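One structure below.
Please treat every number below as a calculation from the coordinates, not as lab data. None of these values were measured; they are calculated from a predicted model. Please note: Cβ atoms are built from the backbone with ideal geometry, for glycine as well, and neighbour counts cover all protein chains shown.
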Amino acid sequence: SGLQREVDALLADYLARKRTNSGNFPSAAFSRSSSTDSFATDEGFFDQQDNQTSTSAVMERIQRRKSLQLRNQQAAWQESNDGQSMMEFRRSLPAYKEKQTLLEAISQNQVVVVSGETGCGKTTQLPQYILESEIDAARGATCSIICTQPRRISAIAVSERVAAERGEKIGESVGYKVRLEGMRGRDTRLLFCTTGVLLRRLLVDRNLKGVTHVIVDEIHERGMNEDFLLIVLKDLLPRRPELRLMLMSATLNAELFSSYFGGAPMIHIPGFTYPVRNHFLEDILEFTGHRLTPYNQIDDYGQEKSWKMQKQALRKRKSQIASAVEERPGAVLVFMTGWDDINALKEQLQANPLLGDPSKVLLLACHGSMASSEQKLIFDKPEPGVRKIVLATNLAETSITINDVVFVVDCGKAKETSYDALNNTPCLLPTWISKASARQRRGRAGRVQPGECYHLYPRCVYDSFADYQLPELLRTPLQSLCLQIKSLRLGSISEFLSRALQSPESLSVQNAIEYLKVIGAFDQNEELTVLGKHLSMLPVEPKLGKMLIFGAIFNCLDPILTIVSGLSVRDPFLTPFDKKDLAESAKLQFSCRDYSDHLALVRAYEGWREAERDRAGYDYCWKNFLSVQTLKAIDSLRRQFLFLLKDTGLVDENMTLCNKWSRDENLVRAVICAGLYPGISSIVNKEKSISLKTMEDGQVMLYSSSVNGKEAKIPFPWLVFNEKVKVNSVFLRDSTAISDSILLLFGGNIKQGGLDGHLKMLGGYLEFFMSRDLASTYLSLKNELENLIHCK
Ligand code: CDP
Ligand code: MG
């Protein structure tokens, strides 16, 4: 506490000097930059540039004191009782044996690649080793370590764990930052964040000023952001010779990454796992007297003709697995393809339990958006005699470790987005996993004792799996990425992407660039337009960003905030699979025959807000098949987006005008169209049904859960849609019907349209809105424009 007082006194002194130097301190040091992400701007004043020798001498003293203080705190914790038992646990992890090797490699090389089985201590230990060694060397106050995670949930979970291992609360020396949410303080020296957050920081801080170590975790997953980040960091390293970069991976293909960074040293952490017995489908088929028909082609599996046999076999298999599980304790981890499957299976298992007494079974679902209370249950050991069963997506493959798993059931598939560049259509299909994933899944069973893994497919199918999954960069649309490349001023998009670990097809790149031109984010020379600059600062897909911006300009913000939040969280309308019809007609009530899923969402949300005021929110949701959690998430996201829009100056602080036209349904449709264009299909009303066509796909379908899905007639010529997905045929997700005039005025990059005089004039106005200080000048023009729309 003596030190603390001294530090406080020095700080007060520093602030006083700073104020006299710069006149307007502290607001200047804390003011937000034009960035929409506060990452770089609230780092605290240690990062402020300071040319005054007197103040920098004080700074140094403060930092020295602070470092000593951190060292004392750390030592005190490690000597305490709790600290000692925590240290004992940490020393038992395989990573501990490599601690010195790791630290030496890091001090002698700019880039180090570390691999080791999941659970060996890469994520929780390695960043901590660095932090501790910096603190021990009395550099605690000057080090700044960033460790990226591909998913929000792991960034939060890991930071909480590491803070607990250091005997601290989150937000002290360890913190986290994920999109629109974070916990860190002025003294946070180790920050876990999502890869996207670090990329956005690079927008405003190209050299990562003040950062001493960057750790990119889970690189084996080959997510798009991670691949992108690696290109940027590779460029940055020569500019920042002191910066240290570590790449961490759960699998052994470290060579790929090492050679990408000019032969960076690789360190493997040998892990100990218990043996896991493999059971393939044929094992049980033989056991039950079936003979496996030869699977010459992988496609045969699951096809109609073998389906009956499969089903019989699986039924037997199910009971065999159940009796094997009953023989000994241990948690069961089931890998499923996605959120819908997990929910369906969960309901099924609750209705007819496989494992005897249901009160002795703790059935949990594990997915990216679960609540943190649920999350805790997954890691905790259940009470004695209670069987924990976790139904998970591939999230549980590497980024989350559940210690007490003994049985793994692997369905062999994962829902994977892929991208059909030829048709410019994203697909979301359950696809076979890779051998690396299958091995990972199996490995989850052998953490505490020998385990069993049941693969629900034959060995020959396993043999035909690819070794590794295709990198995301090669299988998703690249629009947001291209926008980021330009806003980071990284030069030509194709040239930049050609330097990736594996470069995407040039057709995919061209499609993305073309899209950004069509929506008006790029000009003809592939440079950012003013709209493009605004879009790159909003942490949402370009189409949603454009909708927000237009909602703000046209003063109908409230419904647009709801729609954009809904589209970026998930659909709040639930369709339990045994009550599908009831749920769909409940949704239809929100439509009021205006042929729009988006407007139905707005009504459902507003109804919920109303009901909440009378404390009847739950009843309302129950009656209308709505998810309370999702509506709450939408509610909080709405607030965050509003904050961002105020921050960028698109909405004035008092929000005087931004909802003036919120009740004008036509204008809201127009803004939806502005965002979703060119996602558009034509409507042809036939005698008893409608037929929908898009330019690229020809005939397309609507999901039956869409309010337009059951209509026999839609009195509008066009539908704008949020997303199309190729399942068997192409399906449109969430659509809104629009008129010709809306399409004409709001579809596409009006600026380039050149369709007629109107359009040119309108284009000129929009450009004007985007390029000037928006607050005052657009109002008069907007009235004219609105008249234009309303008389159509
Ligand atoms: O990153 P890696 O998969 O190598 O392992 P980790 O996430 O650092 O976890 C190392 C060990 O810490 C695990 O084996 C768990 O025993 C423990 N751990 C925990 O108890 N609770 C957590 N939330 C995370 C990790
Ligand atoms: Mg990890």
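The fraction of Cα-Cα pairs per 5 angstrom bin, counted from 0 for the stretch 644-729, comes to 3, 11, 18, 19, 17, 9, 8, 9, 5, 2, 0 percent, rounded to whole percents. Rg/Rh for the stretch 122-259 stands at 0.94; both radii use Cα atoms, and Rh follows the Kirkwood definition. Of the peptides 154-161, 360-367, 680-687, the ranking by mean beta-carbon count within 10 Å, highest at the top, reads 154-161, 360-367, 680-687.
Estimated at 0.36 nm per residue, the fully extended path between residue 691 and residue 589 surpasses their Cα-Cα distance by 34.4 nm. Around the amide H of residue 680, modelled in the peptide plane, lie the amide H atoms of 721, all under 5 Å away and 5 or more residues distant in sequence or on another chain.
So, by mean Cβ neighbours within 10 angstrom, what's the order for 610-619, 565-574 with the highest one leading? Provide the component values of the computation, followed by the final result.
Numbers: 610-619: 12.7, 565-574: 20.5.
Order by mean packing, descending: 565-574, 610-619.
Can you tell me the order of 724-733, 462-471 when each peptide is scored by its average per-residue count of other Cβ atoms within 10 angstrom, highest first? Walk me through the numbers on the way to the answer.
Numbers: 724-733: 16.8, 462-471: 15.3.
Packing proxy ranking, top to bottom: 724-733, 462-471.
For the stretch 535-585, compute the orientation-averaged projected area of the C-alpha convex hull (one quarter of its surface), in nm². Working shown, then result.
Working: hull surface 17.9 nm².
Over every viewing direction, the Cα hull of the stretch 535-585 projects on average to 4.5 nm².
Rounded to whole numbers, the Karplus 3J(HN,Hα) couplings from phi for the stretch 475-483 are 9, 9, x, 10, 4, 4, 4, 4, 4 Hz, using 6.51 cos²θ - 1.76 cosθ + 1.60 with θ = phi - 60°, and x at Gly and Pro.
With an a/c value under 1.5 for the gyration tensor axes a ≥ b ≥ c computed over the alpha-carbon atoms, the stretch 69-178 is described as rounded. A straight chain from residue 85 to residue 415 at 0.36 nm per residue would run longer than the Cα-Cα distance by 114.7 nm.
Label separation (residue 360 vs residue 347): 2.8 nm, computed from points 7 Å beyond Cα along the C-beta direction. The C-alpha radius of gyration of the stretch 599-646, expressed as a fraction of 2.2 N^0.38 Å, stands at 1.18.
Computed from the C-beta positions of residue 616 and residue 386, the FRET efficiency with R₀ = 35 Å rounds to 0.50.
Would you mind counting up the charge near residue 459? Only other residues with Cβ under 11 Å from its Cβ, with Lys and Arg at +1 and Asp and Glu at -1.
Numbers: positive: none; negative: 282, 283, 463.
Its environment carries a net charge of -3.
Among the listed pairs 346/376; 99/234; 546/713; 587/693; 517/724, those with a Cα-Cα distance over 22 Å are 99/234; 546/713; 587/693.
For the stretch 646-691, dividing the convex hull volume of the Cα atoms by the residue count gives 98 Å³ per residue.
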